Amino acid sequence: MNRSVRYPMVAAAVLVLLFTAGCSKLKARDQLNKGVQAYKAAKYDTAIEHFKNAVALDEKLSVARLYLATAYAQQCVPQVDTPDNLQMCNQAIDEFKKQLDVDPNSINSMKGIASLYFNMKKLDESKDYHRRVIQLDPNDPEEYYSVAVIDWTEAYKTRMDARNKLGLKPEDPVKDQKVCNQIKQDNQEKVDEAINYLNKSLEIRKDYDDAMAYLNLLYREKADIECGNPDARRADLATADDWVTKTMATKKAKAEKQAGPGGIVLEQPKQ
């Protein structure tokens, strides 16, 4: 074929490809916008279909995949183990992980996965993703708090299972030394880490009252593994009570700060 004929044909083919790609991206944006509108209206099934279409039209449209994962996550009911619900949760996780394949440092994807795993009662997996966020953003107080909550959840279950077998009242110490030592062996590392992480979260956010509330709970866990040391147990319980007082004082100070004259709550200015 004559070069003078072939080159225009190649150029025309390239233009067609560029035009097609451009159209696909425009269609993807249109699907994304429709999905966002459906999402805001809590029409999650409709939103999911639009987001899926957007991703199919433009795989590089990361915001569409994040919205798709989030729309799935909205329909993942916490602590419900039915097959349909678990499928929805896993679909959300899969989409977040696909985003991590493209962007390994996507903090929003990691946080989304951590939250989903927590809701599915997969606590070790949840903790792992929270730790990954901390590595990327060591100044996020909520991530330290989240790890501490998981530590407390696991430690509390271990302790209460043992106490229930002994038929103890809430205020009774575990006097059976063998049982107490076993609880201590299972829980000491979790309790120490949780207290450390909550203190880190408070270093970053001084008025983090949720972290203060969990320090109260953690010191009560610590009290129950002070095996054979009643003085240490009393000291831990006193520290727990102190954190209750600090929590209430902080919550009160926040409420007063938000309130205007006459106790009327002031609206925050819109950005």
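The values are calculated or read from the model by the stated rules, or taken from the named source; none is laboratory data. Note that the structure is predicted; figures quoted are calculated from it, not measured. In this analysis, Cβ positions are derived from the backbone assuming ideal geometry, glycine residues included, and neighbour counts consider all displayed protein chains. Ligands, DNA and RNA are stripped out before the accessible areas are found, and what is left, the full protein with its side chains, is counted by its heavy atoms. Shrake-Rupley method; radii C 1.70, N 1.55, O 1.52, S 1.80 Å.
Using 0.36 nm per residue, how much length does the chain from residue 107 to residue 176 gain when fully extended, once their Cα-Cα distance is taken away? Kindly include the intermediate steps, with their values, before the conclusion.
Details: separation 69, 0.36 × 69 = 24.84 nm, distance 4.53 nm.
Gain on stretching residue 107 to residue 176: 20.3 nm.
Residues of segment 111-132 falling in the label zone of residue 161, defined by backbone nitrogen less than 15 Å from a point 7 Å along Cα to beta-carbon, are 122-124. Largest first, the residues 51, 118 sort by 1.4 Å accessible area into 118, 51. When the charge dipole of the chain is built from unit charges on Cβ atoms (+1 for Lys and Arg, -1 for Asp and Glu) and taken about the Cα centre, the candidate among 115, 211, 100 whose Cα reaches farthest toward its positive end is 100. Axis of helix 107-119 versus longest Cα principal axis of the chain: the two differ by about 50°, to the nearest ten degrees.
Place a label point 7 angstrom from the Cα of residue 203 along the Cα-to-Cβ direction, then list the residues of segment 123-153 whose backbone nitrogen is under 19 Å away. It comes to 131-149, nothing else. By a 1.4 Å probe calculation restricted to protein chains, residue 57 has an accessible surface near 70 Å², given to the nearest 10. Once both labels are positioned 7 Å from their Cα atoms along Cα-to-Cβ, the gap between residue 97 and residue 188 label points is 3.6 nm. Cβ screening of the chain for cysteine pairs under 4.7 Å finds these without a partner: 23.
Leaving ligands, DNA and RNA out of it, rank 59, 226, 203 by accessible area with a 1.4 Å probe, largest first.
59, 203, 226
Less than 13 Å Cβ to Cβ from residue 167, Lys/Arg counted +1 and Asp/Glu -1: what total charge do the surrounding residues give?
Values: positive: 163, 165, 169, 175; negative: 161, 172, 176.
It works out to a net charge of +1.
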